[in-house]
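Asker: Please see the structure below; I have some questions.
Nothing in this text is a laboratory measurement; each read-out follows from the coordinates by a stated rule. Worth saying up front: this structure is predicted, and the values here are computed from it rather than measured. All Cβ positions, even for glycine, are placed from backbone atoms using ideal geometry, and neighbour counts span all protein chains on display.
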C-alpha cells in the first residue's frame with residue numbers, strides 16, 4: 001500500500017494537506033464545559049493516531065520511496081513544528097488550552113510513523 005502512495009506522490013501530498021486541515025479544524029472547535037478528564041484517553045489516542053498519519057504521509061511525500069536520513073529528520077521536525085503550532089493555535093480558541101503533554105503524544109505518533117516508514121524502506125531494499 002505504501003508503494004502505491006510513493007508512486008502517486010501527488011495523492012500523498014493531498015492526503016497530508018487534508019490531514020493538516022483536519023487537525024486545524026479540530027483545534028478550532030470549542031469544548032466549553034468539557035474537561036480534559038472527560039476526554040481522557042480519547043485525547044491521547046487522537047493525538048497519537050492523527051499525527052501518526054500526518055507524519056506518515058509527509059514522509060511518503062518527501063521520500064518517494066528513497067532512503068534519505070535528512071528527509072527523515074526533516075519530516076519529523078516539520079511534523080513536530082506543526083504539532084507545536086497547533087497547540088499555540090488552541091491558545092486563541094475559547095475553552096481550549098496549550099498542552100505540553102499533547103505535544104508529547106503528537107511526538108509519539110510522529111516518531112512511530114517515521115520508524116515504520118523507515119523499516120518499510122529497509123525491508124524493500126532487502127527484498128531487491
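Asker: Would you mind checking the tilt of helix 69-90 against the longest principal axis of the Cα atoms of the chain, expressed as 0 to 90 degrees and rounded to 10?
Answerer: 10 degrees
Asker: Measure nothing fancy, just the Cα-based angle from helix 100-127's long axis to the longest principal axis of the chain, in degrees from 0 to 90, nearest 10.
Answerer: Approximately 10 degrees, to the nearest ten.
Asker: Would you list 43, 55 from fewest to most Cβ contacts within 10 Å?
Answerer: 43, 55
Asker: Right, another one. Have a look at 89, 47, 63 and tell me which one the Gaussian network model of the chain (Cα, springs below 10 Å) gives the largest fluctuation.
Answerer: So, out of 89, 47, 63, the one fluctuating most is 89.
Asker: Shifting gears a bit: Could you tell me how many degrees, from 0 to 90 and to the nearest 10, lie between the Cα long axis of helix 9-28 and the main elongation axis, the longest principal axis, of the Cα atoms of the chain?
Answerer: For helix 9-28, the angle is close to 10 degrees.
Asker: Another question about this same structure. Say R0 is 22 Å: what FRET efficiency, to the nearest 0.05, do residue 118 and residue 78 get from their beta-carbon distance?
Answerer: The calculated FRET efficiency here is 0.90.
Asker: Once the Cβ-Cβ distance between residue 24 and residue 49 is put in as r, and R0 is 22 Å, what FRET efficiency do you end up with, to the nearest 0.05?
Answerer: Here the calculated transfer efficiency is 0.85.
Asker: Given the Cα-Cα distance of residue 42 and residue 64 and 0.36 nm per residue of separation, how much length would full extension add, in nm?
Answerer: So the extension gain works out to 4.7 nm.
Asker: Counting each DSSP H run of 4 or more residues in the chain as -39500 (n - 2.57), what helix-only mean residue ellipticity at 222 nm follows after dividing by all residues, to the nearest 500 deg cm²/dmol?
Answerer: -28000 deg cm²/dmol
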